[in-house]
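Novice: For reference, the structure I am asking about is given below.
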Amino acid sequence: MRTPFVAGNWKMNKTAAEARELVSQLLGPLTDVAGVEKVLCPPFTSLFAVTSMLEGSGIGLGAQNMHWEEKGAFTGEVSPGMVKELCGYVIIGHSERRTYFGETDATVNKKLHAALKHDLTPIVCVGETLEEYESGRTSEVVLRQITLGLADVAPANAARIVVAYEPVWAIGTGKASSGENANFVHGQVIRPALSRLFGEETAQAMRILYGGSVTAANASEFFQQPEIDGALVGGASLKAGEFVAIVRAAVK
Ligand code: PEP
């Protein structure tokens, strides 16, 4: 039995003051929801601002990215150790980072190893573009991203990894995948690939989230699918009422 997992990716939204305001709206209602692992991923500049607010709430804090090196001349980057001071989680390989910032399966893999070394729970994003989807290449692309992105991880460490299947054509577009389509990719492509990498028992323990235009209105369509273990939520995580409703919908 996999514990449902819902994370909010705030992307480049909310100043520190606005982040504190949103967290104060989320705190009570989210703390009351049991049986779901809940994580908020504000921008770097707001992590410190909200960390003490989340203490003892059962709500985790995550970064949206990090570098894989420990320290050094990498202007503008943030190291795994810096993230670990404030966070328990980190998003790796989001499609916006792959598209706009040149991230590849190879850099995803380096970041994943760094996250595991620092005892962070990585949320690794995979997903095909619209062109790849329309040309029937979803399985091939997702399989490649999983195989290369999650390469060389010891099975004992893999169970902690959370995978988020986020078809790029569904992110921020208001055009979510159908629950059935996402369930197919999770159950027929991603989990079998995880099984080949880490063994069936570990693959069965790993959470696979869906992401892409999840809202309070469509969340249960995804959560009722057997292979969908939660959601990575972008736009809807910026509205307290919407995000709380999505987390509630994830309760088994
Ligand atoms: C995301 O940023 O990971 C995401 C899924 O965005 P949205 O929910 O806005 O589509």
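Novice: Helix-only mean residue ellipticity at 222 nm, the chain, DSSP H runs n ≥ 4 weighted -39,500 (n - 2.57), per residue, nearest 500. What is it?
Specialist: Result for the chain, helices only: -12000 deg cm²/dmol.
Novice: Another question, if that's okay. What's the whole-number percent of alpha carbon pairs in the chain lying beyond 21 angstrom?
Specialist: 54 percent
Novice: Mean shadow of the range 105-186, computed from the convex hull of its alpha carbons, in nm²?
Specialist: Mean projected area for the range 105-186: 5.8 nm², to one decimal.
Novice: Per residue of the range 113-130, what does 6.51 cos²θ - 1.76 cosθ + 1.60 with θ = phi - 60° give for ³J(HN,Hα)? Whole Hz please, x for Gly and Pro, Karplus curve as stated.
Specialist: 4, 5, 4, 5, 4, 8, 6, 8, 8, x, 10, 9, 9, 9, x, 8, 7, 4
Novice: If you don't mind, there's one more thing I want to ask. Express in nm, to one decimal, how much length is gained between Thr31 and Ser139 on full extension, taking 0.36 nm for each residue of separation and deducting their alpha carbon distance.
Specialist: 35.2 nm
Novice: Using only alpha carbon pairs under 8 Å that are at least six residues apart, calculate the relative contact order of the range 11-142 and give it in whole percent.
Specialist: Worked out over the range 11-142, it gives 19 percent.
Novice: On to the next question. So how many Lys-Lys pairs in the range 1-101 land under 20 Å Cα to Cα, not counting same-chain pairs under 8 apart?
Specialist: Taking the range 1-101 as the scope, the lysine pair count is 5.
Novice: How much net charge surrounds Asp229 when only the other residues with a Cβ under 13 Å from the Cβ of Asp229 are counted, with Lys and Arg +1 and Asp and Glu -1?
Specialist: +2
Novice: I would also like to ask the following. Report the chymotrypsin sites (Phe, Trp or Tyr not before Pro) located in the range 59-127 that are in a DSSP loop and have at most 12 other Cβ atoms inside 10 Å of their Cβ, or state none.
Specialist: Hits after loop and neighbour filter: Phe74, Phe101.
Novice: Quote the charge dipole size of the range 27-99 about the Cα centre in Debye, to the nearest 20; the model charges only the Cβ of Lys and Arg (+1) and of Asp and Glu (-1).
Specialist: Its charge dipole is roughly 140 debye.
Novice: Could you give the dipole magnitude of the range 105-233 about its Cα centre, charging the beta-carbon of Lys and Arg +1 and that of Asp and Glu -1, in debye to the nearest 20?
Specialist: My answer is approximately 380 debye.
Novice: Per the Kirkwood formula on distinct C-alpha pairs, the Rh of the range 119-252 is how many angstrom?
Specialist: 15.0 Å
Novice: If I compute solvent accessible area with a 1.4 Å probe over the protein chains, what percent of it on the chain is carbon and sulfur?
Specialist: 53 percent
Novice: For the range 82-229, calculate the relative contact order in percent as a whole number, restricting contacts to Cα pairs under 8 Å that are 6 or more residues apart.
Specialist: The normalised contact order for the range 82-229 reaches 23 percent.
Novice: Find the centroid of the Cα atoms in the range 202-252 and in the range 70-115, then give the distance between the two in whole Å.
Specialist: Each part reduced to its Cα centre gives a spacing of 24 Å.
Novice: Return the tail of the calculated pair distribution for the range 48-117, meaning the percent of Cα-Cα pairs more than 19 Å apart.
Specialist: 36 percent
Novice: So if I place +1 on the C-beta of Lys and Arg and -1 on the C-beta of Asp and Glu, and nothing else carries charge, what would the dipole magnitude of the chain be about its Cα centre? I want it in debye, nearest 20.
Specialist: 280 debye
Novice: When the chain is fully extended, how far beyond the present Cα-Cα distance does Ala73 get from Leu148, taking 0.36 nm per residue of separation?
Specialist: So the chain would gain 24.3 nm between Ala73 and Leu148.
Novice: Next up: Among Tyr165, Ser213, Pro43, whose Cα sits farthest toward the positive end of the charge dipole of the chain (+1 at Cβ of Lys/Arg, -1 at Cβ of Asp/Glu, about the Cα centre)?
Specialist: Pro43
Novice: Long-range amide H contacts for Ala164: which residues qualify at under 5 Å (H placed 1.01 Å from N, peptide plane, sequence gap of 5 or more or a different chain)?
Specialist: Counting only residues 5 or more places away or on other chains, the set is Val124, Cys125, Val126, Leu209.
Novice: Relative contact order of the chain, please, whole-number percent, based on alpha carbon pairs below 8 angstrom and at least 6 residues apart.
Specialist: Worked out over the chain, it gives 22 percent.
Novice: Gaussian network model of the chain, Cα springs within a sub-10 Å range: biggest mean-square fluctuation belongs to which of Gly136, Gly58, Gly76?
Specialist: Its mean-square fluctuation being the largest, the pick is Gly76.
The values are calculated or read from the model by the stated rules, or taken from the named source; none is laboratory data. What you see is a predicted model, and the numbers here were worked out from it, not measured in a lab. Backbone-built Cβ (ideal geometry, glycine too); neighbour counts: all protein chains shown. Quick note on the areas: whole protein, heavy atoms, side chains included, nothing else; ligands and nucleic acids left out. Shrake-Rupley method; radii C 1.70, N 1.55, O 1.52, S 1.80 Å.
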